[in-house]
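Visitor: I'd like to ask you about the structure that follows.
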Amino acid sequence: MAIELHFTLILFSLFLVSSFTFPLPPILPRFPSSAVSAELKQRSHSAPNTPYRTKFFTQILDHFNFNPQSNHVFQQRYLINDTFWGGAKNNAPIFVYTGNEGNIEWFTENTGFMFENAPSFHALLVFIEHRFYGKSIPFGGNRKVAYANATTLGYLSSTQALADYATLIIDLKKNLSATDSPVVVFGGSYGGMLAAWFRMKYPHVAIGALASSAPILQFMDLVSPDIFNSIISQDFRSESENCYKVLKGSWKLIEQTANKPEGLELLQKSFRICKSNDFGAGSLEGWLRTAWVYTAMTDYPTPSNFLNPLPAYPIKKMCEAIEGTEKGKNDELEKLYAAVSLFYNYTGTATCFDLDDDSDPHDLGGWQWQACTEMIMPVGGSNKHSIFPEYKWSYEDRESSCQFFYNVTPRPHWITTEFGGHAIQTVLKSSASNIIFFNGLRDPWSGGGVLKNISKTIVALVEKSGAHHVDLRYSTKEDPKWLKDVRKQEIKIIASWISQYHQDLHSNN
């Protein structure tokens with residue numbers, strides 16, 4: 001958001017802060033995130049209605065301290081499906097999804113890979129919700145209390161979440177008398193980062209991890225802050241040079257239009273913005289940024305309804321919309337409207353767009369705290385070739401924002417201290433195994449992903465046409481061959497892990 005990008009129409013990963021005086025970064029997209037629209041509140045109709053049971057686990061508040069507060073507990077939600085499970089007697093595997101920053105039910109709609117392959121593996125399916133999200137709220141389930149300040153939010157961190165997963169999995173296996181059933185963890189985006197880190201930190205709990213679109217290298221001093229926006233720019237430019245030029249020139253056009261007499265009224269009319277809004281050029285720019293960013297992330301080869309309803313290859317369709325606009329008095333504005341309406345109104349049901357909508361249908365609100373403490377991911381820098389205005393990412397800007405809103409100072413190097421990142425190939429080669437990293441190069445988060453094989457058991461599957469965790473989505477008849485091949489490779493590798501585990505288990509008994 002202009003402000004860093006959360007998930008409202010002007011999304012922010014930190015906060016909407018246009019009214020404050022200190023300098024602020026441009027948008028910092030969240031991972032799955034979402035742009036709120038009427039369509040977003042609908043559940044996906046493309047995913048099969050896979051049944052699962054909802055359960056709750058009594059989880060400890062603080063795994064790493066022994067003061068009285070640490071022993072408080074909360075109810076952590078998890079979803080379970082045993083339809084295909086081969087049972088504890090057969091040491092059948094358990095597939096666990098390491099929940100992201102949101103309602104766990106939402107993520108089950110985009111993890112069809114697990115559901116579709118559970119029968120052949122005879123696997124038990126478990127989806128664990130991340131603490132402080134969805135219904136897994138500490139402090140009596142009271143979100144207002146849990147999110148009150150740093151004293152309570154201090155228990156929201158990736159390390160606490162990983163410890164939650166380990167504790168829950170061990171207890172679940174014990175209750176099922178399945179202590180010898182192998183566990184494979186799956187995750188996409190932030191959940192993919194957690195899956196990889198879980199395998200690294202808890203190898204005695206999980207035998208392997210599929211980490212899809214997991215930008216574990218998107219941290220300070222590891223990758224350029226410009227790489228995220230550079231990938232988005234290249235995505236659009238590869239479709240059409242004219243499309244790229246229109247988007248790149250949009251910011252100057254909006255600024256020039258807004259400075260004219262009745263310019264804001266013209267912009268509001270051109271983009272069909274609902275009249276009730278306290279409308280300004282900044283809010284419009286944030287709204288456009290959101291569309292370009294999330295279209296690039298979800299540039300899937302088949303229709304989707306993950307963030308908003310979108311056609312197959314939405315970048316291509318956006319550029320076609322720009323190219324197909326008839327010339328007229330406000331030609332350039334109409335081109336932008338044609339493109340942005342594909343993201344916000346592909347179904348054609350919206351009559352106007354509400355830029356003030358601050359609803360949170362997927363319970364994503366805790367991410368802004370994580371982005372102010374440990375998840376200091378330099379995203380948002382833009383060079384002169386970017387479709388976004390030139391901007392230099394600044395840690396100082398982030399620190400100022402976090403001090404203002406939470407009175408907390410970020411720890412920018414904690415993640416790489418805890419999980420590594422520097423010389424990642426050397427470190428993981430000597431310390432880890434059984435991790436699949438999938439990245440699609442059309443996904444802007446791929447700039448912080450593992451793109452090369454590290455060892456025989458730490459494999460990078462990279463697809464130039466892939467988007468954000470596309471491999472985890474439900475399969476369709478229209479899937480391209482490359483996507484089918486990626487999934488076949490993942491299945492083969494996971495099967496080898498389980499086979500090796502059973503061989504080792506048999507030889508040790």
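The values are calculated or read from the model by the stated rules, or taken from the named source; none is laboratory data. No experiment lies behind these values; they were computed from the predicted model shown. Note: ideal-geometry Cβ built from the backbone for every residue, glycine included; neighbour counts use all protein chains shown.
Visitor: What pairs come out if I take residues in region 183-209 that are over 13 Å from residue 434 (Cβ atoms) and without any contact (Cβ under 8 Å) to a residue 60 or more places away in the chain and pair them with residues that are crowded, with 24+ Cβ neighbours inside 10 Å and among the charged types (D, E, K, R) whose C-beta lies under 7 Å away, six or more apart or interchain?
Guide: If the second residue must be crowded, with 24+ Cβ neighbours inside 10 Å and among the charged types (D, E, K, R), no pairs are left.
Visitor: Of the conditions (1) closer than 17 Å to residue 437 by Cα; (2) touching a strand residue (DSSP E or B) at 6+ places or on another chain (Cβ under 8 Å), residue 226 satisfies every one except a single condition; which number is it?
Guide: Unmet condition: (1).
Visitor: Related question: Considering each residue of region 439-464, count those that are touching a strand residue (DSSP E or B) at 6+ places or on another chain (Cβ under 7 Å) and within 21 Å of residue 230 (Cβ to Cβ), and give that number.
Guide: Count: 11.
Visitor: Hey, can you tell me all the residues within region 129-182 that are of a type in the set (D, E, K, R), under 15 Å from residue 194 (Cα atoms) and assigned to a helix (DSSP H, G or I)?
Guide: Applying the first criterion (of a type in the set (D, E, K, R)) to region 129-182 yields 129, 131, 135, 143-144, 164, 171, 173-174, 180.
This time we only want the ones that are under 15 Å from residue 194 (Cα atoms), so: 129, 131, 164.
The one that is of a type in the set (D, E, K, R), under 15 Å from residue 194 (Cα atoms) and assigned to a helix (DSSP H, G or I): 164.
Visitor: Condition first: touching a helix residue (DSSP H, G or I) at 6+ places or on another chain (Cβ under 9 Å) and in a loop (DSSP other than H, G, I, E, B). Can you find one or more residues in region 455-462 that meet it? Give the steps one after another, and end with the answer.
Guide: Going through region 455-462, the residues touching a helix residue (DSSP H, G or I) at 6+ places or on another chain (Cβ under 9 Å) turn out to be 455, 457-459, 461-462.
This time we only want the ones that are in a loop (DSSP other than H, G, I, E, B), so: 455, 457.
Yes, because at least one residue in region 455-462 is touching a helix residue (DSSP H, G or I) at 6+ places or on another chain (Cβ under 9 Å) and in a loop (DSSP other than H, G, I, E, B).
Visitor: Kindly establish whether residue 207 is of a type in the set (A, V, I, L, M, F, W, C), modelled with pLDDT of 95 or more and under 30 Å from residue 178 (Cβ atoms).
Guide: On the way: of a type in the set (A, V, I, L, M, F, W, C): yes; modelled with pLDDT of 95 or more: yes; under 30 Å from residue 178 (Cβ atoms): yes.
Judged against the criteria, residue 207 is a match.
Visitor: Within region 303-319, which residues are surrounded by fewer than 19 Cβ atoms within 10 Å (Cβ to Cβ) and touching a residue at least 60 places away in the same chain (Cβ under 8 Å)?
Guide: Residues satisfying the conditions are 303, 312, 316.
Visitor: For region 298-321, enumerate the residues that are under 13 Å from residue 467 (Cβ atoms) and assigned to a helix (DSSP H, G or I).
Guide: Those that are under 13 Å from residue 467 (Cβ atoms) and assigned to a helix (DSSP H, G or I): 314, 315, 316.
Visitor: Next up: Search region 93-115 for residues being farther than 30 Å from residue 61 by Cα and out of contact with any Ser or Thr (no Cβ under 6 Å at 6 or more places or on another chain), and hand back the single one that is surrounded by the fewest Cβ atoms within 10 Å (Cβ to Cβ).
Guide: Restricting to residues being farther than 30 Å from residue 61 by Cα and out of contact with any Ser or Thr (no Cβ under 6 Å at 6 or more places or on another chain), the top hit is 112.
Visitor: Identify all residues within region 468-509 that are assigned to a helix (DSSP H, G or I), surrounded by 15 or more Cβ atoms within 10 Å (Cβ to Cβ) and acidic (Asp, Glu); write none if there are none.
Guide: 471, 490, listed by residue number.
Visitor: A further question follows. Mind listing whichever residues of region 51-92 are of a type in the set (S, T, N, Q), over 19 Å from residue 185 (Cα atoms) and surrounded by 14 or more Cβ atoms within 10 Å (Cβ to Cβ)?
Guide: The answer is 59, 75.
Visitor: Here is a further query. If you take just the helices (runs of 4 or more DSSP H) that sit entirely in region 212-284, which of them hold at least 2 residues that are within 27 Å of residue 394 (Cα to Cα)? Can you show your working first?
Guide: Details: elements: 227-239, 241-248, 250-258, 263-270.
So the answer is 227-239, 241-248, 250-258.
Visitor: While we're on this one: Would you point out which residue out of 426, 347 is surrounded by fewer than 16 Cβ atoms within 10 Å (Cβ to Cβ), more than 28 Å from residue 447 (Cα to Cα) and among the β-branched types (Val, Ile, Thr)?
Guide: Numbers: 426 fails: more than 28 Å from residue 447 (Cα to Cα).
Sole residue among the options that is surrounded by fewer than 16 Cβ atoms within 10 Å (Cβ to Cβ), more than 28 Å from residue 447 (Cα to Cα) and among the β-branched types (Val, Ile, Thr): 347.
Visitor: Take region 350-370 and flag every residue that is of a type in the set (Gly, Ala, Ser) and either under 29 Å from residue 135 (Cα atoms) or surrounded by fewer than 16 Cβ atoms within 10 Å (Cβ to Cβ) (or both). Lay out the reasoning, then the answer.
Guide: Just the residues of region 350-370 that are of a type in the set (Gly, Ala, Ser), to begin with: 350, 359, 365-366.
Of everything in region 350-370, those that are of a type in the set (Gly, Ala, Ser) and either under 29 Å from residue 135 (Cα atoms) or surrounded by fewer than 16 Cβ atoms within 10 Å (Cβ to Cβ) (or both) turn out to be 359, 365, 366.
Visitor: Here is a further query. Please go through region 299-352 and pick out each residue that is under 21 Å from residue 253 (Cα atoms), among the β-branched types (Val, Ile, Thr) and modelled with pLDDT under 95.
Guide: Result: 322, 325.
Visitor: Next question. For region 57-80, state whether one or more residues are touching a strand residue (DSSP E or B) at 6+ places or on another chain (Cβ under 8 Å), in a helix (DSSP H, G or I) and modelled with pLDDT of 50 or more. Even if it seems obvious, please write down each step before you answer.
Guide: Step one: of region 57-80, the residues touching a strand residue (DSSP E or B) at 6+ places or on another chain (Cβ under 8 Å) are 57-61, 70-80.
Restricting the remaining residues to those that are in a helix (DSSP H, G or I) gives 70-71.
Next, only the ones that are modelled with pLDDT of 50 or more stay: 70-71.
Yes, because at least one residue in region 57-80 is touching a strand residue (DSSP E or B) at 6+ places or on another chain (Cβ under 8 Å), in a helix (DSSP H, G or I) and modelled with pLDDT of 50 or more.
Visitor: Follow-up question, since we're still on this one. Note down all Cβ pairs under 9 Å where the first residue falls in region 79-96 and is among the charged types (D, E, K, R), the second is outside any loop (DSSP other than H, G, I, E, B), and they're at least six residues apart or on different chains.
Guide: These pairs meet every condition: 82/53; 82/124; 82/125.
Visitor: Being farther than 29 Å from residue 291 by Cβ and either at pLDDT 95 or above or surrounded by 21 or more Cβ atoms within 10 Å (Cβ to Cβ) (or both) is true for just one of 431, 465, 455. Which residue is that?
Guide: Working: 431 fails: either at pLDDT 95 or above or surrounded by 21 or more Cβ atoms within 10 Å (Cβ to Cβ) (or both); 465 fails: farther than 29 Å from residue 291 by Cβ.
Of 431, 465, 455, the one residue that is farther than 29 Å from residue 291 by Cβ and either at pLDDT 95 or above or surrounded by 21 or more Cβ atoms within 10 Å (Cβ to Cβ) (or both) is 455.
Visitor: Residues 296, 281: which one is at pLDDT 95 or above, among the small types (Gly, Ala, Ser) and touching an Asp or Glu at 6+ places or on another chain (Cβ under 9 Å)? If you could, list the steps in order and put the result at the bottom.
Guide: Numbers: 281 fails: at pLDDT 95 or above.
Sole residue among the options that is at pLDDT 95 or above, among the small types (Gly, Ala, Ser) and touching an Asp or Glu at 6+ places or on another chain (Cβ under 9 Å): 296.
Visitor: Is there any pair linking a residue in region 251-265 that is closer than 20 Å to residue 292 by Cβ to one that is in a helix (DSSP H, G or I) and charged (D, E, K, R), with Cβ under 7 Å and at least six apart or on different chains, and which?
Guide: Pairs found: 251/285; 253/332; 254/285.
Visitor: Under the condition of being crowded, with 22+ Cβ neighbours inside 10 Å and of a type in the set (D, E, K, R), which residue from region 434-452 is farthest from residue 202 (Cα to Cα)?
Guide: Looking at the filtered set, the residue picked out is 442.
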